[in-house]
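In what follows, a structure is listed as structure tokens, so that the remarks can point back to it.
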Amino acid sequence: MMESLLKNLKEHVTCSICLDTYTKPKTIACLHTFCCECLERHALTSQKQGFYRCPECQAQIRIPEGKRFDNLPSSFLHNSLLSLLAVRRSGEGSEISCSTCQKKSAEINYCFDCEKFMCPDCVKAHEVFRDTIFQGHKVTPVRQFQAADYEALLKRQSFCSEKYHEKEVTKFFCVGCQSCVCQVCINTDHKSHDVVPLEKAADDEKANITARAELVKEKREVCRDVIRKFEKTEHELETNISTAKRRVSQATEQMMGKLRQLEREAITTLEKSRVSRIAKLYSAKASVVSFEKQLDQVFEFSNNLVERSSSSDIMQNKKNVQERIEDLIKTTMPALPVSSCVEFVSACEPESLSLGFAKFSKTDVQGSTVEGLDQNFQAGGKAELLICPKTSEGEIRNIQHTDRVEIHIDPADQVRSLVTSEKEDRCFQAKFMVKVPGTYKIEVKVNGQRLVKSPFTIVVKAREFNIVGKLDFQGEVPQALAGIAVNSKGVIAVANYKGHCILIFDETGKFVRKLGGQGDKDGQFESPSDVTFLNDDEILVADKCNHRIQQLNVQTGNFVKSFGKKRSGDGEFMNPTSVCITSDGRFIVVTEYSNSRIQVFTMDGEPVFKFGDSGPERTDYPFSCVCYEEKFIVTDRNNNCVKVFDGKGQFLYKFGEKGNGDGQLNSPCGLCVDKYGNLLVCDPINGRIQQFSLDGTLTGKTSAKVTLRGPWGVATMLDDRILISEYHKKEVKIWR
């Protein structure tokens with residue numbers, strides 16, 4: 001160990017600021033040592049608010065009081081090392097001062113017992129008393145020092161720093177004053193103090209220092225682990241950045257490849273169009289050029305005949321010329337087969353083009369949360385979940401770029417309208433509707449990582465509708481309420497069956513006006529049973545006992561037109577109880593109760609086709625029909641079921657049977673399909689509304705605590721609440 005120290009001694013006594021041998025070495029709080037002057041200059045030029053950074057470890061150190069850097073502790077170790085360096089240099093020919101006479105000499109000796117350097121003259125004097133005072137003392141020329149000699153020199157006792165005691169060696173330690181003292185100190189300033197031999201105190205303290213050093217060693221290992229972690233992270237960062245760069249390049253190449261493919265396809269399409277159009281133009285042009293030549297020939301022949309032919313030639317060719325001219329004049333000039341219009345319209349905005357985004361923190365699959373899993377999930381009802389992605393640092397995700405949130409609900413075929421959107425707080429809202437009751441698994445992934453505890457299990461119950469309000473009739477007294485409809489602005493129209501009118505309510509549910517009255521004239525009604533909005537301003541009314549469909553303006557109440565009359569022929573009616581518009585808005589559909597059929601009309605009232613009145617699944621007093629996804633859904637009142645037909649009126653399937661159990665029906669009447677695809681059916685004899693999936697599975701019903709009195713019409717409001725008209729109760733309740 002000493003050999004290593006001696007070998008690198010110069011490094012141990014070199015100031016890291018000036019890169020020269022220490023001058024007045026001072027030790028600061030972090031235990032690093034610098035030249036006093038170097039340290040002062042560095043600290044005062046770099047200090048901020050009374051603190052400076054250690055040049056070696058960057059520890060924050062306070063400026064000494066009064067900026068007196070010379071008051072900082074001297075580094076005894078480094079002073080000893082400096083002495084050791086001087087001795088080494090003396091051995092190499094440099095001069096060193098004698099500890100006794102202060103004379104400098106290159107032939108210096110050292111007495112290990114007196115712990116003093118001696119010049120040749122002082123060695124001679126020392127030898128005179130070798131047999132008495134200095135008996136047994138070891139005196140060795142510095143030039144002959146071995147490693148053990150240097151180690152003994154390094155550990156020699158220091159002299160007392162007290163004035164007048166400078167020649168006394170400190171061999172004791174004052175426990176109370178915590179200072180090294182000499183024999184003179186014990187007899188004077190430290191008299192009666194608790195004093196122990198310095199070697200004993202040092203030996204005792206070595207154990208404490210060693211124990212504390214072990215703690216430092218353990219802390220150093222922790223520090224090194226952290227450093228290794230930093231270095232590993234640095235390495236991984238470099239690797240991940242390189243990988244991300246490659247992926248950016250790959251994504252760019254893929255996008256460019258796709259763009260080049262689209263470019264080739266677009267150019268190919270344009271070229272095909274050019275070739276096709278040019279061919280058509282050439283063909284048409286050729287026919288016109290041919291026709292022009294024919295005209296030229298007739299013109300030239302006619303002129304030659306008139307100017308150069310005899311009268312007999314003229315008369316003989318007259319008929320042929322006239323016929324030819326007539327044929328050419330009657331010939332229609334070919335139209336321009338194609339236009340020159342060609343324009344490329346870009347479907348991509350370059351500003352919105354994005355390769356993707358870079359994430360600089362991992363998704364914390366444990367810290368990321370899903371809220372709303374404890375809600376009451378009901379079949380056919382809207383459900384919402386809130387996904388809050390967190391990073392490994394605990395923050396809500398990347399602020400600059402959107403996370404990719406994936407939600408999978410199993411079984412997927414029983415889920416409708418799953419939509420995920422980002423909120424302002426950078427969480428994600430998932431909205432969905434489950435078709436039927438049962439147990440479902442919800443898997444949530446953020447940037448491809450599945451959250452802890454995902455998939456989550458939810459139990460979906462049958463939907464239960466409860467009353468949340470009712471329409472305000474503002475003093476108007478209805479006599480019996482039937483069909484009901486809502487337009488895109490939330491305006492509500494209700495058929496007042498025994499009041500022979502239509503009642504209009506605003507989007508808040510307050511009564512606004514009444515349309516029509518009893519009679520058979522235009523704009524009058526006889527037991528109107530149903531109403532539907534043709535657009536936001538006009539309605540169609542099934543004028544049941546007048547056997548017709550009327551069209552009125554809801555704002556003014558003015559009659560627009562009507563079609564149909566009492567009989568059983570095509571375009572004629574016998575007690576129409578329902579009217580609706582097909583999903584594509586092109587046709588009017590009318591359900592005839594007494595003719596047991598459904599007729600489809602153009603928007604002008606011209607019959608197109610009919611169905612339900614023939615075949616093994618013919619209807620028996622159908623009551624209502626709605627159109628959804630190119631299907632006709634009909635309540636077959638006397639057969640106590642719902643029948644479904646395709647867009648051409650061909651029977652597909654049916655569901656329901658007579659009874660009062662779940663899924664059973666008793667004289668069903670009005671029905672509607674909400675925006676989630678739930679079919680709501682009025683079950684009047686059973687005093688309820690039942691909700692079905694489109695395949696006929698029961699998914700909910702009105703609360704068993706409430707019995708409806710003759711529910712006839714049902715419709716959905718803009719906020720997904722349900723309107724139900726009650727024939728016998730004479731009111732319209734709002735349900736959710």
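The values are calculated or read from the model by the stated rules, or taken from the named source; none is laboratory data. On a predicted model such as this, the values are computed, not experimentally measured, just so you know. A quick note on method: Cβ atoms are made from the backbone with ideal geometry, for glycine too, and the neighbour counts reach across all protein chains shown. Accessible surface is based on the protein model in full, side chains and every heavy atom, while ligands, DNA and RNA are left aside. Shrake-Rupley method; radii C 1.70, N 1.55, O 1.52, S 1.80 Å.
Of the residues F172, S75, V142, the one whose Cα sits farthest toward the positive end of the charge dipole of segment 65-216, with +1 on the Cβ of Lys and Arg and -1 on the Cβ of Asp and Glu, is V142. Computed packing ranks the peptides 694-703, 575-584, 44-53 as 575-584, 694-703, 44-53, most packed first, by mean other Cβ atoms within 10 Å. Per-residue extension of 0.36 nm, minus the Cα-Cα distance of E371 and H728, leaves a gain of 124.1 nm for this segment.
Its DSSP H runs of at least 4 residues, each contributing -39,500 (n - 2.57), put the calculated 222 nm mean residue ellipticity of the chain at -9000 deg cm²/dmol, to the nearest 500. The gain in end-to-end length when the S83 to L418 segment is fully stretched comes to 112.3 nm, 0.36 nm per residue minus the alpha carbon separation.
Think of segment 12-165 as a dipole: +1 on every Lys or Arg Cβ, -1 on every Asp or Glu Cβ, centred on the Cα centre; then among C15, C122, G66, G66 lies furthest on the positive end. Shown are L77, L652, whose ranking by accessible area with a 1.4 Å probe and every protein chain present, most to least, is L77, L652. The length gained by stretching the chain between L270 and K498 to full extension, at 0.36 nm per residue less their Cα-Cα distance, is 75.5 nm. By DSSP, the beta bridges lying fully in the chain are antiparallel in about 95 percent of cases. Please report how far the C-alpha centroid of segment 203-228 lies from that of segment 661-736, rounded to the nearest whole angstrom. A separation of 78 Å, based on Cα centres. Over the Cα atoms of the chain, the radius of gyration divided by the Kirkwood radius equals 1.38; this is the Rg/Rh ratio. The listed residues M256, M315, once ranked by accessible area (1.4 Å probe) with the largest placed first, stand as M315, M256. Sites listed here are GluC sites (Glu not before Pro) in segment 147-248 whose DSSP assignment is loop and whose Cβ has at most 12 other Cβ atoms within 10 Å: E166. Between the beta carbons of V560 and S339, assuming R0 = 51 Å, the FRET efficiency works out to 0.80 to the nearest 0.05. Ranked by the mean number of other Cβ atoms within 10 Å of their residues, highest first, the peptides 527-539, 443-455 come out as 527-539, 443-455.
A protection proxy built from the mean count of other Cβ atoms within 10 Å ranks the segments 26-33, 516-523, 376-383, most packed first, as 376-383, 26-33, 516-523.
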